[in-house]
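Following: one structure in structure tokens, then a few remarks.
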Amino acid sequence: MSVRPIAIPVAASPLHDRPTERRLLSFDWILLTSTLLLVAYGVVVGYSTAMEDRASGADVGEQVLRAILYAVIGLSVMTVVALVDHAWLGTFSPFLYVMTLVLLAMVLVIGHSTLGATRWVSIAGFRFQPSEFAKVFMVIVLAKWFADHEARSVLGLAGALALIAVPVALVYRQPDLGTSIVFLGMFFGIALVAGARPWHLTALLAAGAAAVPLLYGHLQAYQQSRLTAFLNPYADPRGAGWNIIQSLIAVGSGSLTGKGLTAGTQSPLGYLPISQSDFVFAGLAEDLGFVGAMILFVLYLVLLLSVLRVAHRSRDAFGAYLAGGVAALLGFQIVVNVGMAISLMPVTGVPLPFISQGGSSLISICLALGALQSICTHQEVTSAVSSSSAAARGS
Amino acid sequence: MLQQGRVFVHPRRLTAVAIALVAIFVVLSVRLWDLQVVHGGYYRSLAEENRIVRIPILPDRGVIYDRSGKLLARNDPGFAVSVIPVDLPQDREADVASRLSAVIGRSVDDITKAIDEQRTRNPYEPVKLTERPIARDVALLLMERSELYPGVNVSADALRSYPDPMLYSPILGYVGDINAEELAAHRNDGYLLQDTIGKTGLEWEYEKYLRGTLGWRTVERDAAQRELGTLSVVPPTPGDDLVLTVDDRLQRLLSYELTKGVQEGKWTAAAGVAEDPQNGEILALVSVPSYDNNAFITGVTQSQMNAWNSDPRHPLVNHVIGDMYPPGSTFKLVTGLSALSTGVATRHTVIDVNSMVLTVDGFNFYDWRAHGPLDFIGGFANSSDIYFYTLGGGNPNTGFKGAGPEALAKYARMLGFGAPTGIDLPGEASGIIPDPEWKMARFGEPWTIGNTYQESIGQGYVAVTPLQLLNAYSAVANGGTLYRPHLLKEVKTADGKVVYRPGPQVIRKLDVNPADLELIREGGRRAVTIYHAYMPDSKLPFAGKTGTAEFGLSQGTDALGRRELAFHNWFVSWVPQQYNYDPTARISMAIFLYDSSKSLCDVCLNPAVGITQRVIETYEGVSKADANVP
């Protein structure tokens, strides 16, 4: 079994035997550059929010060191994964799936609670958020599934849906509505890239939309009020609308060029809630203004388009779907998080990739991006694949 | 599994995803442009407001004086107790709550609940525990032993106080915590949730003067309400002071007499009101029994409230204005004036009252004695019922034509009956002036001559408030001007500048012949001089009209244990400057004694007459005061 469709016929190709150094040099340097810049941006914003939040008594130096440590760990993980043939990840997918379920179940059993939701677990003194890893693992699992099963068939699609349903249910139980939504968004992204029939996807979306009223009734009161608050935050300005209004004030008051790093007022005075994770974008927009936000958006866009280019360049289905899934995962989280900060989306606890502080998110993303680099460096038979794929299309 | 024959990725789909991503970022960027660049200034000012808040400083409420400067309502310095949960260690909370409970009189559970709720809501924000201000000594205790009360704050919070609660509660009313409805109604007048507001009486009526204007302290603070520093202070403007027309000396004298009768069991309740007929200034206004309005400031217990509400004498009602009674013979003013004005009677209209009974259509209408022939003055002074039956309803037996019910109603209303007088107090009753139309609408029955007879002597359907009666007689005493009675003499700022002086307010000039009014004044004087209104050795030119209004069975019993027909006693009087009938009176007074038949005396002198003589003579300084008057 191979994920490289035409690996065997070209095994003896001279290209196959080119030196490792040269293979490694075929990594996607645009993807790498944008990744590094985003990681650095995250560290800077982390420093700023830590300074602004110093009233809370936390040690700024420690927080910045921690952010740098996570960046180093993340980049190391990325490097290691990039060196490994990404096909390996596909091979591990059943194991990753079981691991995902175990991690998520663990949260429910031994997790720590913050703000009414249980999302953290401690293992050997390390606190981490399993749902962050679960997201990346599920991208791998679904990519592998679609690589092996025809997305155009009802069974292929239904199988993938069944796979994702269990972790979605577990995450929802935490309760973490935001991550559940990200899982589903990522599923649709992969299915779309994998070639699922548009009308199948449309039917699924329609079914989902039909189920919304049912699910809404089933939600916790605080989730309901968050969902409705974004429609009109001023209906309950000191209650459910508080976070949204304060976030809007933070973003808006940043104006064109921002108040300057560490000079924001919303967060140090305690108006901006959880400014280092969920509402980190509001703090960034307050400090660095429209310009800073645009720089972030450009970096994101470059990163996401590079990821899609990897999907395009991939010579195997798994790699292509994996890249598509990562693009969907990151894109969805960005939209949900930024949309929440500027009141285009309901408030859900989804981190902003690279910028939200917390190791789990950053390391898991780095893992995924490492796999994408691996796709680039492990496709030594470019021309042969091209001709073969052209032939396949022609047949 | 080999995937060779399969197109595993559609470039078009990737393009679609790329386009979708770009589109999404464009949408986010447009929204950001709108928020940050287009509306950046707006949000920047909101962020400033977040940091800089204005904290209200409540103004001192205006105080209230009588006409000579005696303090009737004041502000005692009081204190509020609050707790900042973050400063109160959780393990000491139960201990502090139980201590506080003993000091501020709230249950431990209440206090603990309030603190715990605040702890989860915002532990940096103080939560006020006292619903009402506490006294100075209690506050001092808390401050001196502050080590026993960690996190407990004591701050100034004035306490309204009424030095003479029972004497003035019907006039002053009281203040209380603002409720949701009042807050909604006064939202634009700068009222806050922790405000007090006048609930009734003058405290309610002149709220806008008494309240003052909020001051503001501008402070910088963080979202947890921690104050970082004061930036500026706009001091509050204290409320304006009220000077009343009421004379404390007269108020005291009148209240003493009326209260004494209640205490001695001579009547169950009483109302007395005096005014200056020349301008409508109320000189005294007494309603007995009354209530302790200080109780509303420190908190009325449920049992106290129940006791007041179940008392058949309605101590919470101001009987001078809020309740209506049959006026009895005092209403002969209306009958007489109607007859004179319609030409039915003149001074020389003589009716021979040779029997105690007038029989019309088989019904008997009684007088209190067979007076013999009476002219108008004699009829009024002796209060002959048959004389006034005849003037009001005529006499079918002799063919005498009376004024009729329409004329009675017309002149009653002209004199101010049947409508609120417009005194500056809430809760005034209208009274009832019946006429044929009213009876048909109310009972669906036609008017009878018996109704006219009853109305002519102030019985039947007629109902008046003591204030209406006084005000009508005052209009007679001053020569024909009906003034709006009022309690407010002037409004002064805290530093003594007069900002408002209502002055006399004319409701209407009576559309009657002044000579007819003089006849009434002469009749009123004659009632005193012939001792119908018994004022032995009177030292002032009193004039007045008695009234005895029957209302069913008395609470009292006679020597044989029979319950007698019950009645209320009235006396309305005025005192001209000289011994003549000129409209020069500077004081008029109405006294109403509820169920004064309780005493069941044999020679029933109307006790209201004696009270009037004692009170006014003492007030005018021509008699010595009863040593017991406070």
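What follows draws every value from the coordinates through simple rules; no lab data is involved. Computed from a prediction, not measured in an experiment: that's the story for all the values here. Positions of Cβ are generated from backbone atoms using ideal geometry, with glycine treated the same way; all protein chains shown enter the neighbour counts.
Data table
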| item | result |
| --- | --- |
| For chain B: rounded, prolate or oblate by the Cα gyration tensor [a/c cutoff 1.5] | prolate |
| Charged-residue dipole, Cβ positions (Lys, Arg, Asp, Glu), the range A:14-381 about Cα centre, Debye nearest 20 | 380 debye |
| Average other protein chain Cβ within 10 Å of Cβ, residues B:21-33 | 6 |
| Distance-filtered residues of the range B:58-89 - backbone nitrogen under 17 Å, label point 7 angstrom along B:E147 Cα→Cβ | B:89 |
| Amide H within-cut-off set for B:Y65, under 5 Å, with H built and near neighbours excluded | B:L72, B:L242, B:V243, B:L244 |
| The range B:312-323 - phi-based ³J(HN,Hα) in whole Hz, Karplus 6.51/-1.76/1.60, Gly and Pro as x | x, 8, 6, x, 7, 9, 7, 5, 5, 10, x, 9 |
| All aspartates and glutamates inside 14 Å of B:K260 as judged from Cα atoms, apart from same-chain residues fewer than 8 positions distant | B:D626 |
| Whether the range B:321-391 is rounded, prolate or oblate, judged on the alpha carbon gyration tensor where a/c under 1.5 counts as rounded | oblate |
| Likely footprinting exposure, B:K260, B:K492, B:K113, fewest C-beta neighbours within 10 Å first | B:K113, B:K260, B:K492 |
| Label-to-label distance, nm, for residues given as B:W216 and B:D511 (7 Å Cα→Cβ offset) | 5.4 nm |
| Rounded if a/c under 1.5, otherwise prolate or oblate - the range A:60-108, Cα gyration tensor axes | oblate |
| Fraction of beta bridges assigned by DSSP in chain B that are antiparallel (%, nearest 5) | 95 percent |
| Using alpha-carbon coordinates, inclination of helix B:332-341 to the longest axis of chain B, degrees | 70 degrees |
| Chain lengthening between B:V499 and B:A102 when straightened (0.36 nm per residue, less Cα-Cα) | 138.4 nm |
| Once the Cα gyration tensor of the range A:14-381 is diagonalised, semi-axes √(5λ) in Å | 33, 26, 19 |
| Hits among lysines - C-alpha to C-alpha of B:K410 under 18 Å, sequence gap 8 or more where chains match | B:K332, B:K401, B:K439, B:K509 |
| Phi to ³J(HN,Hα) by Karplus 6.51 cos²θ - 1.76 cosθ + 1.60 over the range B:235-241, Hz, x for Gly, Pro | x, x, 9, x, x, 6, 8 |
| On Cα atoms only, tilt of B:607-619 relative to the major axis of chain B in degrees | 70 degrees |
| Volume per residue of the C-alpha convex hull in the range A:244-353, rounded to whole Å³ | 89 Å³ |
| Fewest-first ranking of A:R313, B:R92, using other Cβ atoms within 10 Å as the exposure measure | B:R92, A:R313 |
| Rounded FRET efficiency, nearest 0.05, which uses the C-beta distance separating B:D95 from B:N306 and R0 of 30 Å | 0.30 |
| Overall dimensions of the range B:96-207 as given by Cα atoms, namely Rg and Dmax in Å | 16.8, 48 |
| Using alpha carbons only: equivalent-ellipsoid semi-axes of the range A:25-85, gyration tensor based, whole Å | 30, 12, 5 |
| Exposed chymotrypsin sites (Phe, Trp or Tyr not before Pro) absent: longest stretch of chain B, with sites in DSSP loops and at most 15 other Cβ within 10 Å deemed exposed | B:1-367 |
| Per-residue ³J(HN,Hα) for the range B:249-261, Karplus 6.51 cos²θ - 1.76 cosθ + 1.60, θ = phi - 60°, Hz, x for Gly and Pro | 5, 5, 4, 5, 4, 5, 4, 4, 5, 5, 5, 4, x |
| Rg/Rg_ref, the protein assembly as shown, where Rg_ref = 2.2 N^0.38 Å and atoms are Cα | 1.50 |
| Convex hull per residue volume in Å³, alpha carbons only, for the range B:224-294 | 183 Å³ |
| Per-residue average of Cβ from other chains inside 10 Å of A:241-254 | 5 |
| Residues with amide H under 5 Å from that of B:V464, placed H, sequence gap 5 or more | B:Y325, B:I432 |
| Square roots of 5 times each gyration tensor eigenvalue, C-alpha, the range B:429-491, largest first, Å | 30, 14, 9 |
| Reachable lysines, given that their alpha-carbon falls under 24 Å from the alpha-carbon of B:K266 and they are not under 8 places away in the same chain | B:K545, B:K598, B:K624 |
| Centroid-to-centroid separation of the range A:31-102 and the range A:280-310 [C-alpha atoms, Å] | 17 Å |
